[in-house]
Amino acid sequence: MNQFLAQVEKRAFTMANYAVGNRDDALDIVQDSMLALVRKYSGRDRSEWRPLFFTILNNRITDWHRRNNKLSRWQLLREKLPANTDETDPAPLEWVDSYNPTPDKALVGERLLEAIDSAVTRLPLRQQQAFLLRCVEEFDVAETARAMSCSQGSVKTHLSRAMRSLRTHLEAYELEAFELEAIQ
């Protein structure tokens, strides 16, 4: 069980952090999900742990949103912005290039990751869940439906909308990057 939890902890944190936009709350959600898995399902077959864990995680994220639905969008935005510019927390996603990119290529790669992170963060919760479970965790449609407690058709709809939104956001980023390159 410890090995399984170590394998999923970073991805679970990333998923929770995208969903709630607050590192501390995301850590609490992941820890609570792990504890629930150990308490209730450690006796189950190892092959069941992954779908059970992500079901628990998604339920905890949904519960968090229900409890915090009174917060305005401006309050959420303020929580997401760093309080100071000396923040040394690592980026949620790090790009490692083994070919030692030039500074301009490294900057482009960094900005692309920021654009992807921003695009995923802007997705509605259900679209975010469908995207992360299907594309990042590589769940099939049936596993994703079980984890999200919805039908397979809903998963396909949420994923389709998420992909359309991400594509639109990233196309806008590419256009902006092209215009900046043309100016230089």
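The values are calculated or read from the model by the stated rules, or taken from the named source; none is laboratory data. Given the structure is predicted, the values throughout are model-derived calculations rather than measurements. For neighbour counting, all protein chains shown are included, and Cβ atoms are generated from backbone atoms with ideal geometry for every residue, glycine included. For accessibility, only protein heavy atoms count, side chains too; no ligands or nucleic acids. Shrake-Rupley method; radii C 1.70, N 1.55, O 1.52, S 1.80 Å.
Below is a table of values for the structure above.
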{"quantity": "Residue within the stretch 74-90 that is modelled with pLDDT under 90, part of a loop (DSSP other than H, G, I, E, B) and surrounded by 10 or more Cβ atoms within 10 Å (Cβ to Cβ) present", "calculated": "no"}
{"quantity": "Single residue of the stretch 105-115 satisfying the filter (hydrophobic (A, V, I, L, M, F, W, C) and open to solvent by less than 50 Å² (accessible area, probe 1.4 Å)) that is farthest from Y173 (Cα to Cα)", "calculated": "A106"}
{"quantity": "Flag if D28 is modelled with pLDDT of 70 or more, more than 16 Å from E137 (Cβ to Cβ) and in a helix (DSSP H, G or I)", "calculated": "yes"}
{"quantity": "Helices (runs of 4 or more DSSP H) enclosed by the stretch 116-184 - at least 2 residues per element that are open to solvent by 70 Å² or more (accessible area, probe 1.4 Å) and either modelled with pLDDT of 90 or more or touching an Asp or Glu at 6+ places or on another chain (Cβ under 6 Å) (or both)", "calculated": "152-183"}
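Each row is one residue, and each column tells you yes or no for (1) assigned to a helix (DSSP H, G or I); (2) closer than 21 Å to A130 by Cα.
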| site | (1), (2) |
| --- | --- |
| A12 | yes, yes |
| N17 | yes, yes |
| L35 | yes, no |
| V38 | yes, no |
| R44 | no, no |
| W49 | yes, yes |
| L52 | yes, yes |
| N59 | yes, yes |
